[in-house]
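Structure record follows, encoded as structure tokens.
The values are calculated or read from the model by the stated rules, or taken from the named source; none is laboratory data. Worth saying up front: this structure is predicted, and the values here are computed from it rather than measured. Every residue, glycine as well, gets a Cβ built from its backbone with ideal geometry; the counts of neighbours run over all protein chains shown.
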Amino acid sequence: CNCLPGYSGDGVNICIPINPCHENNGGCSPFASCKYTGPGARSCSCSQDHIGNGLTCRGKLIQELMRSEAASTFYKNLRVGDKLFIII
């Protein structure tokens, strides 16, 4: 005998629900939370300071720009015409 999908065990005496969130964050992004939704099932949601589908989460624009020194310097010192705008 075998357990139904989403369960593990010997299929005879015991079948326990599998919670995919207990291992490797359920396959969700490291920047996401994994929510157990039933045996062998889960949903992934990006944290509030990230965007994406839960499996892939990226930082919001400012976070992504700050990953690169060149991009962060550009972002902090935007020039429009002859005016320099500094973003703090």
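Listed by first and then second residue, the pairs linking a residue in the range 1-19 that is in contact (Cβ under 8 Å) with a residue 12 or more places away in the chain and exposed (fewer than 15 other Cβ atoms within 10 Å of the Cβ) to a residue that is aliphatic (A, V, I, L, M) and not in a loop (DSSP other than H, G, I, E, B), with Cβ atoms under 6 Å apart and 6 or more places separating them unless they lie on different chains, form an empty list.
Can Ile51 be described as over 20 Å from Asn19 (Cα atoms), modelled with pLDDT under 70 and of a type outside the set (Phe, Trp, Tyr)? Considered against the rule, which asks whether it is over 20 Å from Asn19 (Cα atoms), modelled with pLDDT under 70 and of a type outside the set (Phe, Trp, Tyr), Ile51 comes out as no. Cβ-Cβ contacts under 7 Å between residues 6 or more apart (or on different chains), taken from a first residue in the range 29-43 that is over 13 Å from Tyr7 (Cα atoms) to a second residue that is charged (D, E, K, R) and surrounded by fewer than 17 Cβ atoms within 10 Å (Cβ to Cβ), are listed as Arg42/Lys35; Ser43/Lys35.
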